[in-house]
Amino acid sequence: MINLILFGPPGSGKGTQAKKLVEKYNLLHISTGDLFRYEIGNKTELGLKAQAFMEKGELVPDEVTIGMLNNKVEANPDVEGYIFDGFPRTIPQAESLDKLLKSKGQQVAALIALNVDDDEIVKRLLERGKTSGRADDISEEVIRKRIRVYNETTAVVYNYYDQFGKSQSIEGKGSIEDIFGRISDRIEKLNV
Ligand code: B4P
């Protein structure tokens with residue numbers, strides 16, 4: 001089993017790279033952002049709860065996010081591993097993920113962080129906002145708020161996995177193929 005966390009600020013390319021990695025390594029892609037957008041699209045109770053937070057660029061509360069993630073993992077037991085994209089975003093989420101995997105005799109193999117500077121993030125997300133219809137990609141103010149939330153609440157998750165020697169950081173600027181190559185190199189070197 002290879003269980004990977006793709007990490008980085010909003011718009012750093014986690015979703016873009018995860019889609020390519022699942023094809024190469026036959027892993028299940030779990031994006032909490034995509035799961036929330038699916039729930040919002042279907043106007044479920046969970047979606048309605050998440051929507052208000054996402055539109056403001058805030059994190060959805062842990063109890064909602066953790067429950068949803070656990071359900072998704074439990075529903076897909078027969079896979080060769082998971083790519084967690086956009087999860088964990090807080091220390092309680094990281095601790096709950098470790099607990100869940102441990103209960104299955106598994107663990108996180110590595111956290112791979114994509115480094116991208118703030119101006120590039122704003123540029124990418126405003127560009128995506130022109131066609132995605134995502135409320136959180138349209139206003140520069142909301143995008144900068146998301147970056148602030150990342151720095152204040154999420155960035156520490158890197159240090160959390162670093163204490164177990166599992167965190168790795170790569171340059172997230174450049175062509176999508178080059179970045180994919182960099183991530184693949186790191187995965188090939190993992191001892192799993
Ligand atoms: P997410 O859906 O996770 O999305 P993201 O951070 O915006 O994007 P990502 O890094 O995946 O970027 P992408 O590849 O798409 O989160 C949205 C919201 O959901 C959060 O703000 C939060 O409210 C909520 N949420 C999600 N998970 C949560 C959790 N665990 N806890 C609490 N709340 C949670 O790339 C972005 C753009 O850049 C794309 O347009 C892409 O084409 C472009 N791009 C990618 N790579 C590029 C490259 N190399 N060069 C140029 N452009 C590139």
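The values are calculated or read from the model by the stated rules, or taken from the named source; none is laboratory data. For clarity, every value in this text was computed on a predicted model and none was experimentally measured. With ideal geometry, Cβ positions are generated from the backbone for all residues, glycine too; neighbour counts draw on all protein chains shown.
Data table
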item	result
Subset of segment 1-29 (residues that are near the ligand (Cβ under 10 Å from one of its atoms) and within 18 Å of Ala109 (Cβ to Cβ))	Leu6, Phe7, Gly8, Lys14, Gln17, Ala18
Selection from segment 147-175 of residues that are within 18 Å of Asp118 (Cβ to Cβ) and away from the ligand (no atom under 14 Å from the Cβ)	Tyr158, Ser169
Condition met for Glu58 (in contact with a Lys or Arg (Cβ under 9 Å, 6 or more places away or on another chain), more than 8 Å from the ligand (Cβ to nearest atom) and among the charged types (D, E, K, R))	no
Meets criteria (modelled with pLDDT of 95 or more, surrounded by fewer than 17 Cβ atoms within 10 Å (Cβ to Cβ) and within 18 Å of Leu126 (Cα to Cα)) for Lys19	no
Pairs with Cβ under 8 Å, 6+ apart, first in segment 51-70 and of a type in the set (Ser, Thr, Tyr), second part of a helix (DSSP H, G or I)	Thr65/Thr32; Thr65/Gln93
Looking only at segment 22-40, and only at residues there that are modelled with pLDDT of 95 or more and exposed (fewer than 15 other Cβ atoms within 10 Å of the Cβ), the one that is farthest from Phe180 (Cα to Cα)	Tyr38
Any pair with Cβ under 6 angstrom, 6 or more apart, that starts in segment 7-34 at a residue that is assigned to a loop (DSSP other than H, G, I, E, B) and ends at one that is among the β-branched types (Val, Ile, Thr)	Pro9/Ile121; Pro9/Ile147; Gly11/Ile121; Ser12/Val116; Leu27/Ile83
